[in-house]
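Student: The structure under discussion is supplied below as structure tokens; questions concerning it will follow.
Just so it is clear, none of the values below were taken in a lab; they were calculated from the coordinates. No experiment lies behind these values; they were computed from the predicted model shown.
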Amino acid sequence: MRLNERNLTKLSRLKYLLRDIHNDPATPWHLLGEETANILKSDRVIQRLDSVLACKATPRLQANPIELLVGQDLPFIFKRLFGIDARRSRSDDQTLLPGPYLDFAQAVLSEMGIRYSNESISRALTNRGYRRKR
């Protein structure tokens, strides 16, 4: 679960509901089952919710999923499969040279039906999939 404002509000409501159930003398504990009743009777669940609610909302993802795939996931898979780091190289006139990682990434993307240029793969690898600040 991503901690956005909406989910934090829902967790806060859950905490208050659990506290109300915990403090209500009319709660039918025998209907909830022994294990569930013991968990709800303890303060541990509410304490854990308090620790989660103390966190700030996480920002929305600022990266393109394809760039994350090409810049983070595929280099990891490439290293595990072939034992070499995902690299690319350029010629003296700064044109991108074909290499094993570019071929690998293009093959994976092609199988997924995604068209992506070698320059974009190179940029995603440089940025590790995160967008550059403008």
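Student: Relative to the first principal axis of the alpha-carbon coordinates of the chain, what is the inclination of helix 118-127, with its axis defined by its Cα atoms, in degrees from 0 to 90 and to the nearest 10?
Tutor: Approximately 50 degrees, to the nearest 10.
Student: Mind listing the phi-derived Karplus ³J(HN,Hα) values for region 23-40, rounded to whole Hz, using 6.51, -1.76 and 1.60 with θ = phi - 60°, and x for any glycine or proline?
Tutor: Taking θ as phi minus 60°, the curve returns 8, 7, x, 8, 5, x, 4, 5, 7, 7, x, 5, 5, 5, 4, 5, 5, 6 Hz for region 23-40.
Student: Right, next: By its C-alpha gyration tensor, with a ≥ b ≥ c as the square roots of the eigenvalues, how is region 65-127 shaped: rounded for a/c under 1.5, else prolate for a/b larger than b/c, else oblate?
Tutor: oblate
Student: For Rg/Rh (Cα atoms, Kirkwood Rh), several values are listed as (1) 1.05; (2) 1.02; (3) 1.29; flag the one computed from this structure.
Tutor: (3)
Student: From the P(r) of region 5-53, can you give the percent of Cα pairs sitting at distances over 17 Å?
Tutor: Value for region 5-53: 36 percent of Cα pairs lie more than 17 Å apart.
Student: Can you return the aspartates and glutamates within cross-link range of Lys41? Criterion is Cα-Cα under 17 Å, with same-chain partners fewer than 8 residues away left out.
Tutor: Asp20, Asp24, Asp50
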